[in-house]
Structure formats: structure tokens, C-alpha cells
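Everything below concerns the one structure shown next.
Please treat every number below as a calculation from the coordinates, not as lab data. The shown structure was predicted, so the numbers you read here are calculated from the model rather than taken from an experiment. Positions of Cβ are generated from backbone atoms using ideal geometry, with glycine treated the same way; all protein chains shown enter the neighbour counts.
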Amino acid sequence: MRHALLASLILAALPSFAAAQAFDSAALADAAKLRTQADSDSGAYGLVESLTTEVGPRMAGSPAFDRAVEWAQGKFKSLGYDRVYLEPVTYPVWRRGHERAEVLGPFPQRLIITALGGSVGTGGKPLDAEVVEFATLDALKAAPDGSLKGKIAYISNRMERFKDGHGYGPAVAARGGGANEASKKGAVAVVIRSIGTDSDRMPHTGMMRYAEGVAKIPAAALSNPDADLLSNMIRRGKPVKIRLDIDAGLDGQKSTYNVIGEIRGRELPDEVVVIGGHLDSWDLGTGAIDDGAGVAITMAAGALIGKLDRAPRRTIRVIAFANEEQGLFGGRAYAQAHAAQVDAHQVGAESDFGAGRIYAFSAGVDPAARATVDEIAKQLQPLGIEYRVDKGGAGPDIGPMAKLGMPWAQLAQDGTDYFDYHHTANDTLDKIEPKAMDQQAAAYAVFAYLSAESAADFGRSPNGEGQE
Ligand code: ZN
Ligand code: ZN
């Protein structure tokens, strides 16, 4: 009787007991070892230095991207990954030729622009037209039909700076949808203020899209100072005429690859923890912060886990995704190829927000695995990372799998200056602080290792998706 009572008391206490024991002491010791090792010298900075120096800009579809695939395979192998393989990703190739702009009158001078990804050109000859300014995409949408016949629409909305980058979403709508809305009103081209927080004379490129049935017009971004200049001219009240000369357009299809490296799990090798970044970049800079850093951080984190004496229970799968920039092609191809294996994915996380230190951790997992995630958060705390329950979302290339139910985690990076350089010629290695790379690799190593080692299955993400 007494024993039965004791047993039921123990059983009643079991859930909290189990929570306290999410990981055994050997696992916690290995997590601490990873944290210390990575935080002192993870090798991540050396990887992004190598990628930006030896490959440089690597736009999807370009020969440089093929060299990046070679680079990633070589690095995975030399870092001691157990398995290195490729998965095909097919997409349309966009080609940038040249891009020039100038004010013809009333104040003739040059303007610094860049064509937006996906844009058509001006048809082999310069395009001269008057500019009409709109403060926002919504203001352009509200313009009467046909009111922009023969004119160039100019959207001057300015992106706001925040640590978590939330100024991007509202501003970037002008980049994605500006051409469609302008075309519907009869415009012959669209120019936008760069989606960026800097005041450098460097325009920010990035993807735009054409809707079905809308005439395709050229789309370009002005640097922030050039946008100011154009607005100042327009404010003087006389018609401002500019010349655009853009050579760009689609050029067939190409198949390239997601490059994948794995550290094989010791007990559940078919179950995986996915981490990664995207291997492609835009063509203007060397793709250091977007997203050489993410590839390097996750590659280095996986390599450190691979050097432990005891491999984690599940496999660590590091993915260098193809063509994120022009429409998540790598992430979507991965989700398509692995849709039947959602439940074999313990969790996924992508690093694609520059190279600033990680300051917050959050995860979308089955509520039953919450105690384990709480413990992982505790192990990230010494790196200066706070725990944010029920916040955040999956990284872009993780999004398609997260939508299918794969649990996700977010290691949020300080993006205060990310949009100063994002998609510009200024996205170069000098913007990366080597010690910040170590802190991030340490966080990814601890997170990925403990997720792979966990006795608890993370199940399915309750909301089924993250942000993109
Ligand atoms: Zn990116
Ligand atoms: Zn990008």
C-alpha cells in the first residue's frame, strides 16, 4: 500500500522530472564543449573569406554559381562530412547586361540605378519619358487607369531601420509589385527608391515579378541619394524627363544543385536536423553577408559536431541552397523532393540575415517537445541569446518544408545594419566581424547538436509554417 502510494507520487512527478532530464550529462557536456570551441574559433569566418575570395558573386544561373557548387562540395569533404551529395534545382536564368540612367531635363545629370532581378530591358535602345512620383505602392495603385500612359512611375517609399529588419516587408512590396501596378496604369517603366537603409550611392537590386497578362515594363532601383535627388527635382514643379538604358532579361532554363553535407547520426541516421544558408548571391557585391555568412556558419557548425567523439543520435544535414534570391527555387525543390519525409525532419533552421550576432532563439515544435526546446534555449543563454517563446518563424528556404509541417527554429541575428549593404555592391567581406561569426556558429552547433541528440521527437510545427 505504502509502496503503491509512493509509486503514484513518483508517476505524478514524472513530467517535470522528465523535463529536467531532457538531455543526459554526456550530451550537456558535448553541447558545452561545442559552445566553447566554436566561440573561440569556429572556422566560419575562414569559410566566408574563401567563398567571397575564390568564387565571389555567384548569381543563380551564372558560371560562377557552378563554381560555388564545386566550392561547397570541396569544403564539405575537406571538413570531414560523412556524405556529400547534390540535388537538382531547375529555374529560369535571368541575365543582367547593362544599366544606365540620366536626367534629360530640366537639370541634366547622371543617376545611379540597378535593374531589378527578373526585369526586361528597354528594348535595345534608350527609353526617354517623364517621371511621375508616388509616395508608396498604394498611392500608385490609386492612380486612375491610363493616367501614366507613356510615363515612368517612380515609387519613393523609404525603408525604416530596425534590429529585426521588420521595415523590409512594408517597403519591399514596391520592388516586387511596382512594375505590375505601373504597367496597369499605362507606364512604360518603373523606378523605385532602393529598398535599403543606407545613404551610399549604391542601388539595391532584388527580385521583382510580372503578373500574367500585364505588359512587361523595365524595373530599376535608384540609390537612396539618387532617389532624394530625383524627388528634389520633381518638387520644383516642372516636368522631369529621364532616360533609361537597360539590357536585361530571361535567358532559358538551367539546372544546378542544392549542395548537401551530412554528419551521420549514431542511432537514428534517417532522421535529420536541417541547417543551412543559400549559396547563390546577387551579382553586385561578393555575397558576403547575403548569404556567404549563412553557408559558412552552418557548414562550420556541422563540421564541429562531426568532430565530437560521439556522433549525435540523428543526422545533421547542412544544405547550401541554390537560387534563393530569385524565388526560393532551392528551398522549394528540397520540399518537393522530401515532402514524404516531413516526419523524418526533427527541425530545420536557416541562417539568412547577414552576419550580425544572434540575440534571440525561438522554435515552432509540437507542444509535447516544448520542455526540450526550453532546455536548448538554456544552453544558448551563455552566448547572450534570449529565449522568445511563440515568436519568429522559419528562414526562407526552410519555409516550404515548414509549411508542410516540419518544425522550425529561428536564431535571430542582429540586422541593424543588414539593409545598408543587402543586395548592393557593398555586400563584401569587410562588413563581417570574425568574432560574430564564431558566436553564430557556436549557437548553430549547440542548437543542431541538442536537437539531433534529443530523446523527444519534435513532432510537427503547430502553426505549420513560419515567416518567409
Ligand atoms: Zn539571402
Ligand atoms: Zn538576398
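Whole-Hz Karplus values for region 242-252 come out as 10, 10, 10, 9, 10, 10, 6, x, 7, 9, x Hz, taken residue by residue from phi with 6.51 cos²θ - 1.76 cosθ + 1.60 and θ = phi - 60°; glycine and proline positions read x.
With unit charges on the beta carbon (Lys/Arg positive, Asp/Glu negative), name the residue among 275, 308, 285 whose Cα is farthest towards the positive pole of the charge dipole of region 246-315. Of the listed residues, the answer is 308. Qualifying trypsin sites (Lys or Arg not before Pro) in region 207-239, where qualification requires a DSSP coil assignment and no more than 10 other C-beta atoms within 10 Å, comprise 236. For region 93-249, the dipole from Cβ point charges (+1 on Lys and Arg, -1 on Asp and Glu) about the Cα centre works out to 200 debye, to the nearest 20.
Qualifying trypsin sites (Lys or Arg not before Pro) in region 143-196, where qualification requires a DSSP coil assignment and no more than 14 other C-beta atoms within 10 Å, comprise 149.
Of the GluC sites (Glu not before Pro) found in region 101-186, those that fall in a DSSP loop while having at most 15 other beta-carbon atoms within 10 Å are 160.
The value of relative contact order for the chain, using C-alpha pairs under 8 Å at least six residues apart, is 22 percent. Over the alpha-carbon set of the chain, divide Rg by the Kirkwood Rh and report the Rg/Rh ratio to two decimals. We get a ratio of 1.05 for the chain. Counting each pair of different Cα atoms once, what's the Kirkwood radius of region 171-303 in Å, rounded to one decimal? Evaluated on region 171-303, it is 18.5 Å. Relative to the compact-globule estimate of 2.2 N^0.38 Å, the Cα radius of gyration of region 256-348 comes out at 1.13.
Phi angles across region 100-105 convert, under the Karplus curve 6.51 cos²θ - 1.76 cosθ + 1.60 with θ = phi - 60°, into 3J(HN,Hα) values of 9, 8, 8, 7, 8, x Hz, Gly and Pro given as x.
Given contacts defined as C-alpha pairs under 8 Å and at least six residues apart, what's the relative contact order of region 332-468, whole-number percent?
42
Compared with the dominant Cα axis of the chain, that is its longest principal axis, helix 44-54 is turned about 40°. Once Lys and Arg get +1 and Asp and Glu get -1 on their Cβ, which of 418, 347, 387 lies farthest toward the positive end of the dipole of region 333-419? Selected residue: 387.
Counting every other Cβ atom within 10 Å of each residue's Cβ, 131, 190 order from fewest to most as 131, 190. According to the square roots a ≥ b ≥ c of the eigenvalues of the Cα gyration tensor, what is the shape class of region 93-249, taking rounded for a/c under 1.5, prolate for a/b larger than b/c otherwise, and oblate for the remainder? Since a/c stays below 1.5, the shape of region 93-249 is classed as rounded.
Under unit Cβ charges (Lys, Arg +1; Asp, Glu -1), what dipole magnitude, rounded to 20 debye, does the chain have relative to its Cα centre?
The calculated dipole for the chain is roughly 900 debye.
From the largest down, region 366-412 spans 32, 23, 14 angstrom on the principal axes of its Cα atoms.
For region 230-239, the Karplus equation 6.51 cos²θ - 1.76 cosθ + 1.60, evaluated at θ = phi - 60°, returns couplings of 5, 4, 4, 5, 5, 4, 6, x, 8, x Hz by residue, with Gly and Pro reported as x.
Charge dipole (Cα centre; +1 on Lys/Arg Cβ, -1 on Asp/Glu Cβ; no other charges) of region 72-128 amounts to roughly 200 debye. On a C-alpha basis, how far is the centre of region 319-358 from the centre of region 215-288 in Å? Whole number, if you could? Cα centres, region 319-358 to region 215-288: 17 Å.
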